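Throughout, read-outs are computed from the coordinates displayed, never taken from laboratory work. Note that the coordinates shown come from a computational prediction; the quantities given were computed from them, not determined experimentally. Cβ placement follows ideal geometry from the backbone for every residue including glycine, while neighbour counts extend to all protein chains displayed.
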Amino acid sequence: MTAMLEVSVWRGREEGAFVSYAVPARRSQTVLDVITHIQRRLDASLSYRFACRVGMCGSCAMTVNGKPQWTCRAPVSEVAPSGKLTIQPLRNLKVIKDLSVDMTTFFDKWARAGGAFKPALGRPTAGVGGDFAAVKPASRARRAADAAIECIGCGVCYAACDVAAWNRDYLGPAALNRAWSLVNDVRDGARRERLAAIAGDAGCYACHSQQGCTEHCPKHLNPTASIAGLKRASAWAWLTGKP
Amino acid sequence: MMKGHRDHPAYWAFAVHRLSGLVLALFLPVHFYFLGRAIKGAAALDGVIAWTDNPLAKVAEAGLVILLTAHLTGGVRLLAVEFLPWRDWQKTLIVLTGGLSLGAGLLFLINAV
């Protein structure tokens with residue numbers, strides 16, 4: 001007889017309830033496999049989101065046994081050795097239905113944190129209208145930008161963050177991490193505006209360094225370090241009057 | 001039970017720092033109130049000081065010493081996180097703050113006995 005997993009899945013919106021499903025346990029099974037089994041074999045009305053299945057697109061993040069994580073690369077054997085799974089939508093974001101959350105606020109905050117690259121026109125490093133920008137891979141700024149750049153926008157850090165839960169306006173670890181990556185980009189020309197955007201009450205100074213973001217990031221990025229960098233950069237800019 | 005997303009050392013460190021800060025803030029008015037009694041004469045203050053010689057008060061004082069060190073070392077840890085370039089030994093720092101706090105409390109108790 002096949003061993004069965006006990007899976008409890010959130011059904012509904014902000015109001016709703018857990019529904020239990022029995023899913024056959026398989027070898028090398030991921031949490032996403034479990035949810036897909038439920039949706040294809042047991043209840044076609046279950047809503048959830050995924051695309052690439054290989055940890056690149058950042059769309060399948062959920063709360064699994066109380067922890068925010070990506071589900072496509074989360075083996076059931078590691079996440080729930082007991083065979084009991086509780087699956088909920090990501091915290092701190094509005095639930096659309098079941099396991100799908102509305103990511104609008106999350107990405108709007110990236111825009112508010114100055115998350116878009118603005119080329120420094122006319123500067124030799126800009127790489128616009130001339131040759132490619134020459135940025136030495138070993139330079140300090142390049143390495144700092146590199147450390148923050150692999151974000152897939154899955155929202156796990158945002159769901160893990162208590163400050164984001166306490167202060168609805170808080171830009172959040174992902175948006176601030178993105179801003180830090182651009183602050184270190186020598187080709188960028190919007191440093192002043194970006195530092196102003198992230199220095200407010202809902203910006204980097206709201207962070208309590210609880211490091212939930214760093215603890216849970218599936219890409220092993222360190223938004224806490226990025227936010228600390230922003231605190232230093234913006235405080236320095238304020239003290240010296242120079243961005 | 002602590003919620004899953006909070007179950008990691010940096011969050012515990014945050015919680016200890018916040019709680020120790022709150023308890024110390026509550027203790028300070030009491031501390032100043034008793035110190036203030038000195039204004040009314042040495043006898044009033046001496047009465048309080050004599051009372052603190054009982055073992056229960058000593059244990060409570062050791063608790064205060066632990067809270068004070070925990071808050072101090074926790075604050076230094078936060079300053080290190082925010083002002084120094086990132087170090088990967090954050091968890092070691094957290095353990096150090098806990099060890100120093102408990103050590104200080106123990107030293108106080110040894111001296112008190």
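Annotations
- Surrounding net charge for A:GLN210, when Lys and Arg each add one and Asp and Glu each subtract one, Cβ distance under 11 Å: 0
- Coupling constants for segment A:23-30 follow from the phi torsions by the Karplus curve (6.51 cos²θ - 1.76 cosθ + 1.60, θ = phi - 60°), and in residue order they are 10, x, 6, 10, 6, 6, 7, 9 Hz; glycine and proline get x.
- Look at the dipole of chain B built from charges on Cβ: of B:PHE27, B:LEU109, B:VAL65, the Cα furthest out on the positive end belongs to B:PHE27.
- For a modelled paramagnetic label at A:VAL54, 7 Å from Cα along Cα-to-Cβ, the residues of segment A:72-99 in reach, with backbone nitrogen under 14 Å, are A:73.
- Mean separation of Cα contacts under 8 Å (6+ apart) over length of segment A:67-194, as relative contact order %: 31 percent
- In summary, the lysines within cross-link reach of B:LYS58, defined as a Cα separation below 27 angstrom excluding same-chain residues under 8 places away, comprise B:LYS40.
- Based on C-alpha pairs under 8 angstrom that are at least 6 apart in sequence, segment B:13-112 has a relative contact order of 35 percent.
- Average beta-carbon neighbours from other chains, 10 Å sphere, peptide B:86-96: 2
- Counting only DSSP H runs of at least 4 residues, each contributing -39500 (n - 2.57), and dividing by the residue count of the protein assembly as shown, the helix-based mean residue ellipticity at 222 nm comes to -15000 deg cm²/dmol.
- Legend: distances between Cα atoms for A:LYS67/A:LYS97; A:LYS109/B:LYS3; A:LYS94/B:LYS3; A:LYS84/B:LYS3; A:LYS109/A:LYS231; A:LYS94/A:LYS219; pairs beyond 21 Å are A:LYS109/B:LYS3; A:LYS94/A:LYS219.
- Projected label points at B:TRP89 and A:THR104, each 7 Å from Cα along the beta carbon direction, are separated by 4.9 nanometres.
- Chain A - percent relative contact order, Cα under 8 Å, separation 6 or more: 17 percent
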